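Visitor: Below is the structure I would like to discuss, written out as structure tokens.
Please treat every number below as a calculation from the coordinates, not as lab data. The model shown is predicted, which means the values in this text are computed figures rather than measured ones. Glycine gets a Cβ as well: all are built from the backbone with ideal geometry, and neighbour counts include every protein chain shown.
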Amino acid sequence: MAPSMVVVCPDLLPMLLESAVAPYREPAVQCLHLVEELRARGWQLSFVTPVSGAREPSTVSSRLGPVRVWGRDAAGTWWSRLRHARRLYGALRDTPGDLVLRCDAPGELPRTAWPVGRPQVQLLAGERVPQRHWARGDTAILRGARLVMVPSTTFRARLRSPARAQVLPPAFPVPAPPRRERRAVAWVGPLRRDSGSDVFLDLADAFPDTPFQLCAQSGGDAAYAARVQARCRTLANVALALDAPYPHVVESLGAARFLVSTARGGDLAARSVLAWLHGAVVVSLVSDPDALLRERGLGWHAVDPHALFVAVQRGLQNDDACALVRERARRYAEEAFDVRRVAERFERRVAPLLRA
């Protein structure tokens with residue numbers, strides 16, 4: 001009998017419905033390719049997801065399975081999160097499945113948790129973990145989960161109780177070989193004060209003859225987002241794509257020579273894997289999970305903004321150096337992040353839970 005699973009992912013609904021305007025969200029993208037491959041392997045899938053605004057609970061059909069949907073209050077107060085938690089666990093009780101895969105962010109729910117009668121697996125993306133959890137430990141991360149899957153060993157080492165966490169890298173289908181000629185510099189990420197988008201715009205100002213592509217996801221800081229948008233309008237070589245859909249992000253990386261990563265304290269991000277697969281050289285400021293850039297040579301690591309400037313300048317002037325890094329990174333990504341291999345690893349990890 002084929003195994004069955006309930007998937008909880010707040011941002012996944014537009015992608016399940018194949019909406020052309022579904023914005024790029026890293027946790028949803030990582031979850032999407034994994035569940036697509038599991039569905040192809042015979043898994044029976046159901047989905048549980050909240051949506052913003054007032055909406056009565058309902059079930060809609062998608063290409064991968066039924067989706068239980070309800071309206072969610074604006075998060076912020078303890079009571080609003082408690083109402084959300086009650087609706088979530090009520091939906092989980094009503095949705096059959098041998099396993100529950102949680103792709104929502106830790107800390108979105110209050111400490112109160114209700115059992116759902118099935119093993120829960122928490123799949124974490126580096127962008128999804130609030131920074132406060134690094135300081136106070138992993139109580140909220142591990143609550144209610146029999147197994148926690150993290151994107152890298154760097155991530156796992158930050159947990160106070162790493163024994164319950166296992167590494168499951170981001171999963172992506174391997175695309176066709178990328179085109180060779182490219183000059184653009186890309187940035188992908190959320191518009192937050194700690195995301196480093198100001199550093200990217202400083203870089204664009206320093207290279208006025210090079211096209212820069214800013215693919216940003218809007219967040220809760222409207223004033224900061226407005227300031228970034230205003231500055232983009234003053235830079236003729238910067239193209240801003242706000243809340244761009246997933247295909248647009250992939251197209252931007254396929255046309256870029258570099259993906260500049262400026263997030264401090266981030267972990268192995270889906271956008272870096274996409275860049276490796278689509279032929280963009282990753283140039284990272286400070287962050288280097290698992291030392292993939294420095295030790296494996298999958299990109300260039302900069303310790304400060306000046307070193308970032310020097311790395312981009314060198315890459316724009318040296319096609320051979322970029323080609324060498326590009327080929328090495330793509331070979332590694334095809335081996336480590338191929339969705340078929342990651343799905344096999346996922347099945348091995350959860351097999352003891354299904355037997356129990």
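Visitor: Could you state the number of Å between the C-alpha centres of region 23-69 and region 164-230?
Guide: Answer, in whole Å: 26.
Visitor: Under a point-charge model restricted to the Cβ atoms of Lys and Arg (+1) and Asp and Glu (-1), what is the dipole moment magnitude of region 266-356 relative to its Cα centre, in debye to the nearest 20?
Guide: Roughly 360 debye for region 266-356.
Visitor: Rounded to whole Å and sorted largest first, list the principal axis extents of the Cα atoms in region 229-356.
Guide: For region 229-356, the Cα spread along each principal axis is 59, 33, 26 Å.
Visitor: Place the peptides 234-243, 29-38 in order of packing, highest mean first, counting for every residue the other Cβ atoms within 10 Å and averaging per peptide.
Guide: Result, highest mean first: 29-38, 234-243.
Visitor: How long are the three semi-axes of the equivalent ellipsoid for region 188-287, computed from the Cα gyration tensor as the root of 5 times each eigenvalue, in whole Å, largest first?
Guide: 19, 16, 14
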